[in-house]
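Chemist: Before anything else, here's the structure in question.
FYI, it's all coordinate maths here, none of it is from the lab. Note that this is a predicted model, so its numbers are computed, not measured. Cβ: placed from backbone, ideal geometry, glycine included. Neighbour counts: every protein chain shown.
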Amino acid sequence: MQYGQHAPAARTIVHVSDTHLLAGDARLGGRYDTTANLSALLARIEQLDRADALVFTGDLADLGEPGAYRELKDLVDPVAARMGVPVAWVAGNHDERPAMRRDLLGEKATQDAIVRAWDLGGLRLIALDSSVPGWHHGALDDAQLEWLEAQLAEDAPRGTILALHHPPLPSHIPMFDILELRDQPRFAEAIEGSDVRAILAGHLHYSMSGSFHGIPTFVAAASCYTMDVARPAREVNGMDAGQSFHLVHVYDDQVTSTVVPVDAADPAAFFTPEWYRRVDAMAPEERLEFFSRKRA
């Protein structure tokens, strides 16, 4: 039940990024337990009361190993099945298209860009592939952008959400711009006048939001490790803390993105189920008096 002037979100997307799994449960950089960190994140996701899709915006396997993709599938597919939602896999610069196609998607191993579209009850979700084989920067070639334009030629009832790895946003951290998404004006041209309502991305290992060509753009932090952006710009480095995912809520008139930390303390006992039932039973004015008026 919603009490205010906005109706509940029409659709909810769980946005995860940069799992960087390694085959054989190896530690990333000899330090980060990417499997354990992803498992903890998935356990938090399963606490949600609803979702319409899980979106993983790239760098799924750190070295593009076949075994890492199989392990990722074994971890995520049961969660998605229990939640009854599809999984949108997006390729990142650490991924290898042939292995990702064969060992994660169950397809023929090719170097073709991995692009997909889903209909989430009228909300169109499109996965783009900004990976460039052999490189870490991002790009969307003409063939992919022409495919995107064809997809967007007809509006979806609830609009479109795009997901890709490299965000079309600036980063304040030096050197990250070397690995940015290239030719962003051409990307903007492809989505000009379309029904695209939000863009989801990863790559940076820290949460960020901005606007690309007037479209809200949300970057999810990594599940493996995050960047300590509180340090001076030229001292920013990785840390095994701050892992999170995003809840993307799609309303009729706007899209929001909420950061959900993996680490959680024991909940307080104030907002109990009984408290909510009590508030639900109140008339609107009684509810306003009860919860809004300041007490001496």
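Chemist: Scan region 115-131 for residues that are outside any strand (DSSP E or B) and surrounded by 21 or more Cβ atoms within 10 Å (Cβ to Cβ) and report the count. I'd like the intermediate steps shown before the answer.
Modeler: Residues of region 115-131 that are outside any strand (DSSP E or B), as a first pass: 115, 121-122, 128-131.
Still in the list and also surrounded by 21 or more Cβ atoms within 10 Å (Cβ to Cβ): 128-131.
Counting residues in region 115-131 that are outside any strand (DSSP E or B) and surrounded by 21 or more Cβ atoms within 10 Å (Cβ to Cβ) gives 4.
Chemist: A further question follows. Please enumerate the residues belonging to region 132-170 that are part of a helix (DSSP H, G or I) and out of contact with any Phe, Trp or Tyr (no Cβ under 8 Å at 6 or more places or on another chain). Talk me through it step by step, then tell me what you get.
Modeler: From region 132-170, those part of a helix (DSSP H, G or I) are 142-151; that's our starting set.
Correct list: ASP142, ALA143, GLN144, GLU146, TRP147, LEU148, GLU149, ALA150, GLN151.
Chemist: Out of (1) within 15 Å of the chain's Cα centre (by Cα); (2) in a loop (DSSP other than H, G, I, E, B), what's the single condition that is false for THR217?
Modeler: For THR217, the exception is condition (2).
Chemist: Report, by residue number, each residue of region 171-202 that is within 18 Å of the chain's Cα centre (by Cα), within 23 Å of ARG124 (Cα to Cα) and assigned to a loop (DSSP other than H, G, I, E, B).
Modeler: If the condition is that a residue be within 18 Å of the chain's Cα centre (by Cα), within 23 Å of ARG124 (Cα to Cα) and assigned to a loop (DSSP other than H, G, I, E, B), then GLY202 is the only one that fits.
Chemist: Name, by its number, the condition in (1) aliphatic (A, V, I, L, M); (2) assigned to a helix (DSSP H, G or I); (3) free of Cβ contacts under 8 Å to residues at least 24 places away in the same chain that does not hold for VAL279.
Modeler: (3)
Chemist: Sticking with this structure for a sec: Go over the candidates ALA201, ALA233, ALA241, ALA221 one by one and state the one that is in contact (Cβ under 8 Å) with a residue 60 or more places away in the chain and surrounded by fewer than 19 Cβ atoms within 10 Å (Cβ to Cβ). Break it down into steps so the answer makes sense when it comes.
Modeler: Working: ALA201 fails: surrounded by fewer than 19 Cβ atoms within 10 Å (Cβ to Cβ); ALA241 fails: in contact (Cβ under 8 Å) with a residue 60 or more places away in the chain; ALA221 fails: surrounded by fewer than 19 Cβ atoms within 10 Å (Cβ to Cβ).
Testing whether each residue is in contact (Cβ under 8 Å) with a residue 60 or more places away in the chain and surrounded by fewer than 19 Cβ atoms within 10 Å (Cβ to Cβ) leaves just ALA233.
Chemist: When SER131 is evaluated against the numbered criteria (1) under 25 Å from ALA51 (Cα atoms); (2) in contact with a His (Cβ under 8 Å, 6 or more places away or on another chain), which criterion, by number, is the only one it fails?
Modeler: Unmet for SER131, out of (1) under 25 Å from ALA51 (Cα atoms); (2) in contact with a His (Cβ under 8 Å, 6 or more places away or on another chain): (1).
Chemist: A further question on this structure: Restricting to region 154-170, count the residues that are surrounded by fewer than 21 Cβ atoms within 10 Å (Cβ to Cβ) and under 20 Å from the mean Cα position of the chain (by Cα).
Modeler: Looking only at that region, the number is 4.
Chemist: From the list SER194, SER223, which one is touching a Leu at 6+ places or on another chain (Cβ under 7 Å), hydroxyl-bearing (Ser, Thr, Tyr) and closer than 21 Å to GLY92 by Cα? Talk me through it step by step, then tell me what you get.
Modeler: Values: SER194 fails: closer than 21 Å to GLY92 by Cα.
Being touching a Leu at 6+ places or on another chain (Cβ under 7 Å), hydroxyl-bearing (Ser, Thr, Tyr) and closer than 21 Å to GLY92 by Cα holds for just one of SER194, SER223, which is SER223.
Chemist: Then there is this: Checking MET175 against (1) free of Cβ contacts under 8 Å to residues at least 12 places away in the same chain; (2) touching a Gly at 6+ places or on another chain (Cβ under 7 Å), which test does it fail?
Modeler: MET175 satisfies all of (1) free of Cβ contacts under 8 Å to residues at least 12 places away in the same chain; (2) touching a Gly at 6+ places or on another chain (Cβ under 7 Å) except (2).
Chemist: Test each condition in (1) over 19 Å from LEU128 (Cβ atoms); (2) part of a loop (DSSP other than H, G, I, E, B); (3) free of Cβ contacts under 8 Å to residues at least 60 places away in the same chain for GLY64 and report the one that comes out false.
Modeler: The single condition GLY64 does not satisfy is (1).
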